[in-house]
Amino acid sequence: RGLDSQIVIIGSGISGIAAAQKLVKYGFHNVRILEATARSGGRIKTGKFGNNVIEIGANWIHGPSEENPVFCLARDYGLLEPEALLPENQTVDIEGHPPWVSNWFSSSGTKLKTEDLNPALELFGEILQEAGQFVSKGVETHASMGDFIRTEARLRAEQQWQALAPRTRARRMCLISNLLKVECSVNGSHSMDQVSLAAFGLYKTLPGLDCTFTHGYEGVVKHLLAELPGGSVTYRRPVSCVRWSNTGGGDQPVTVETEDGERVSADHVIVTVPLGYLKRHHATLFSPPLPLHKQHSVQRMGFGTNNKIFVEFDSPWWDADCGVIHLLWEDEEDLVDQVADVKRSWIKKLFGFTVVTPAERYGHVLCGWIAGHEAEHMETLTEEEVTREVTQLIRTFTGNPIVTPRRVLRSQWFQDPWTCGSYTYPGRGCSAQDLANLMEPLPAEGAAQSPPLQVLFAGEATHHCFYSTVHGALLSGWREADRLIAHYCPPGPPQPRRS
Ligand code: 6YU
C-alpha cells in the first residue's frame, strides 16, 4: 500500500500532530486524527487570566537548545522572546532546576533570611544528584526516592548539624519537607515514596535556561497543524475501541470504533492517549487486550497530578527579583510530603508559587503549584472555596491579615476525562524496560504472522528519557512516523562508491 496506507491517529496533542505532520510531509495522504475534545493541543493549553495569556498546562520549554525540537520549531516560527535566542541562554546547564531567586516565608508569618537556609538547600541538591546516579549502578528495584531522601537527609543532618541550636536544625528539616513537595510537583507524583530510586535518573535534561512563549504555548500547536491538509483532525470524536488482529488479518487489519458508533478501517493506528487515560481504559480500549507485559508496564509507570493555582494581586509582597516563593511550615520537621488529613489540610501541599513574568505585561501574578491527592481534592472544591483557602494561606505566611487576591484560577487535570492527571513519572518498581514496553508496536515487525505495526504508541509516556515533557511527546510522534516510513520505504542498500 505504501503511501496510500490508511493511518488513524488517536489524539490531537503535540505527539499526534507531530506524527501526522511528518507522515504528510513524507507523502502519506490518508492520515486522519480523531480527537475526543473540541480542540487540539491536549496538555498544551493556553488560557486567559484577566487580560493576560497564561498556561493551564505545559509552561516552559525545558532545556531550550539546538537538541530540543520544540525550541527549534518555536524559534523558526518566531514565537520566542529575543533573550531565549541568545547563545548564552542555550548553553547554560541548569540540570532541570532553574536558578531563580527564592523568597522563603514561614508559617509563623515572617520572611526568612536565605543565608540561613542555604546549607539545607545544598544538602538536598547533593542528595538529588546522587539519586540520579543509581540508574547506572543498579539498585534494589523497589527502593523509593522518598526513602532515600529521608534516610540520607537525617543521616547528614545528624553528622553536619549536630552543633546547631535545635530551632535552626528543625527549620532546616522543615525546609527539606518543602523541597520534597517541590519534587512531587516536578515529578507529578503524590509522594516521592511513589517514585523509583533506580529509575529516577532515566530522565535526561537538556542545556538551556527554561523559557516561555510570548503569546502562549498553543502557538507551536497551531503552526504544526497548519502544515496538515484542512480537515485532517475530526473533533469531538472519542475512540472507544481499537480492534486489531494478532492471528492474521484482512485487507485492512484494524478497525477503530468511536463512541458515536463510527467504524474506521485502517492499516495502522497511532495511539497517543495519555498514560492516565490508558491506566483507566486499556482493558476496553483494545480488543484483543494489550499483551500482559505491556499491561504491567502501564500499571508500573506512574502518572499523577500536578495542578496550578494562579493568583493576582494589586501589589507584590515578594522581592522585585524573586522568581519563586517557598512556603515553609514550621511543624514539618518530620520530612513530610503528604498531608495527614487531605480534606482539612490539602492547602499545606502547595509548596509555593512561581512569579509569572515579565511584570510589565502580567502585573503581579503568581502561579501556585500543588501535586498529588491534595491537588485532586482541590479540584472538587468550588472556586470560592479555593480562593478562601489561598487567601488565608497567604495571610498566614505574610503576616498581613488584609492581603487579598484580585482573582484566582486553578487547573483541574485530574478531572479531565481524556487526561486523568498531569504527566508520567517512573513509579516504584519501574525500569527502562517499562518505557520500552510502552512504545512497542503491536504486533512487532517480524514477530507474528498477522500484519505488523497495526497499533503504534506515541505520547510523552513513551519517550525513554524525555517523558513528562512536550519535547518528549513531539519526538515520540516523529519516532512512530519514522517507524512507518522505514516500514514502507526502507533505506536502500548502500550504493557502491565510484572511484
Ligand atoms: C513541558 C512544561 N509542564 C504542567 C502541567 C501539565 C503538563 N507538561 P496530550 O495529552 O497532550 O494529547 C493526547 C490527546 O489525546 C488529547 O488531546 C486528548 O484529548 C486525546 N484523547 C484522549 N483520549 C482519547 C480518546 N479515547 N479518543 C480520542 N482522543 C483522545 N511539559 O515540556 N514543559 O513546563 C510542562 C506541565 C500542569 C498538565 C506539563 C510540561 C507536560 C506536557 O504538557 C505533556 O508532556 C505533553 O503536552 C503531552 O503531549 P501528548 O501528545 O503526549 O499528550 C526524574 C524526573 C523528573 C521528571 N520530570 C521533570 C519535569 C518535567 C515536567 N514538567 C512539567 C512542568 C510543567 C510545569
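The values are calculated or read from the model by the stated rules, or taken from the named source; none is laboratory data. Note that the coordinates shown come from a computational prediction; the quantities given were computed from them, not determined experimentally. Reconstructed Cβ throughout: ideal geometry from the backbone, glycine too, with neighbour counts over all protein chains shown. The protein model used for the area step is the full one, side chains on, heavy atoms only, and it has no ligands, DNA or RNA in it. Shrake-Rupley method; radii C 1.70, N 1.55, O 1.52, S 1.80 Å.
The condition (being charged (D, E, K, R), assigned by TED's automatic domain parsing to the domain that holds V8 and under 20 Å from the mean Cα position of the chain (by Cα)) is satisfied by just one residue among R280, R236: R280. Selection of first residues in the range 300-324 that are farther than 25 Å from E374 by Cα and of a type in the set (D, E) and of second residues that are open to solvent by less than 10 Å² (accessible area, probe 1.4 Å) and more than 16 Å from the ligand (Cβ to nearest atom), restricted to Cβ pairs under 8 Å at least 6 apart or on distinct chains, gives the following pairs, ordered by first then second residue: D319/N103. Figure legend. Inter-residue proximity from the range 269-294: first residues on the phi > 0 side of the Ramachandran plot, second residues open to solvent by 20 Å² or more (accessible area, probe 1.4 Å) and outside any helix (DSSP H, G or I), beta-carbon distance below 8 Å, spacing 6+ or different chains. No pairs are indicated. If you check E257, E218, E262, E227 for being open to solvent by 60 Å² or more (accessible area, probe 1.4 Å) and out of contact with any Phe, Trp or Tyr (no Cβ under 8 Å at 6 or more places or on another chain), only one passes: E227.
For every residue, the table says whether it meets (1) under 23 Å from P426 (Cβ atoms); (2) touching a residue at least 60 places away in the same chain (Cβ under 8 Å); (3) open to solvent by 20 Å² or more (accessible area, probe 1.4 Å).
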residue: G125; (1), (2), (3): yes, no, yes
residue: A131; (1), (2), (3): yes, yes, no
residue: F134; (1), (2), (3): yes, yes, yes
residue: V139; (1), (2), (3): yes, no, yes
residue: G146; (1), (2), (3): yes, yes, no
residue: L155; (1), (2), (3): no, no, yes
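Of the residues making up the range 150-165, none is out of contact with any Pro (no Cβ under 6 Å at 6 or more places or on another chain), within 14 Å of the ligand (Cβ to nearest atom) and either under 16 Å from D334 (Cα atoms) or at pLDDT 95 or above (or both). With respect to the stated conditions, I127 fails to be touching a Leu at 6+ places or on another chain (Cβ under 7 Å) and of a type in the set (V, I, T). Identify, please: which residue in the range 80-90 is open to solvent by 70 Å² or more (accessible area, probe 1.4 Å) and not aliphatic (A, V, I, L, M) and is, among those, modelled with the lowest pLDDT? Residue satisfying both the conditions and the ranking: E88. Within the range 157-176, the only residue that satisfies the criterion of being in contact with a Lys or Arg (Cβ under 9 Å, 6 or more places away or on another chain) and surrounded by fewer than 13 Cβ atoms within 10 Å (Cβ to Cβ) is Q162. Filtering the range 103-117 to residues that are part of a helix (DSSP H, G or I) and loosely packed, with under 12 Cβ neighbours inside 10 Å leaves only E115.
Meeting the requirement of 3 or more residues that are buried (at least 16 other Cβ atoms within 10 Å of the Cβ) and at pLDDT 95 or above, the helices (runs of 4 or more DSSP H) wholly within the range 336-441 are 372-380, 383-398, 432-439. Inspect all residues belonging to the range 91-102 and state whether any of them is under 26 Å from Q392 (Cα atoms) and either open to solvent by less than 80 Å² (accessible area, probe 1.4 Å) or of a type in the set (D, E, K, R) (or both). The answer is yes; a qualifying residue exists.
Table: residues versus (1) out of contact with any strand residue (DSSP E or B) (no Cβ under 6 Å at 6 or more places or on another chain); (2) buried (at least 24 other Cβ atoms within 10 Å of the Cβ); (3) in the same structural domain as R479 (by TED's automatic domain parsing).
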| position | (1), (2), (3) |
| --- | --- |
| V24 | no, no, yes |
| E35 | no, yes, yes |
| R39 | yes, no, yes |
| I54 | no, no, yes |
| N68 | yes, yes, no |
| G78 | yes, no, no |
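Does I54 satisfy the criteria of being in contact with a Leu (Cβ under 9 Å, 6 or more places away or on another chain), more than 8 Å from the ligand (Cβ to nearest atom) and within 17 Å of W413 (Cα to Cα)? Yes, satisfied.
On the basis of being closer than 29 Å to A320 by Cβ, touching a Ser or Thr at 6+ places or on another chain (Cβ under 7 Å), hydrophobic (A, V, I, L, M, F, W, C) and touching a residue at least 60 places away in the same chain (Cβ under 8 Å), does W100 make the cut? No: the conditions fail for W100. Among the residues of the range 296-327, those that are part of a helix (DSSP H, G or I) and either at pLDDT below 95 or surrounded by 17 or more Cβ atoms within 10 Å (Cβ to Cβ) (or both) comprise S297, V298, R300.
When the criteria are applied in full, R43 meets the requirement of being near the ligand (Cβ under 8 Å from one of its atoms), crowded, with 21+ Cβ neighbours inside 10 Å and part of a loop (DSSP other than H, G, I, E, B). Of the residues screened, T404 is one that is away from the ligand (no atom under 12 Å from the Cβ), of a type in the set (S, T, Y) and over 30 Å from S136 (Cβ atoms). Applying the condition of being within 8 Å of the ligand (Cβ to nearest atom) and touching a residue at least 60 places away in the same chain (Cβ under 8 Å) to the range 218-242 and asking which residue is farthest from N187 (Cα to Cα) yields R237. Kindly establish whether H282 is more than 9 Å from the ligand (Cβ to nearest atom), assigned to a helix (DSSP H, G or I) and surrounded by fewer than 16 Cβ atoms within 10 Å (Cβ to Cβ). The answer is no for H282. Each residue in the range 186-198 was checked for being near the ligand (Cβ under 8 Å from one of its atoms) and surrounded by 23 or more Cβ atoms within 10 Å (Cβ to Cβ), and 3 of them qualify.
For L23, indicate whether it is in a helix (DSSP H, G or I), away from the ligand (no atom under 16 Å from the Cβ) and farther than 25 Å from D210 by Cα. Spelling it out, it is not the case that L23 is in a helix (DSSP H, G or I), away from the ligand (no atom under 16 Å from the Cβ) and farther than 25 Å from D210 by Cα.
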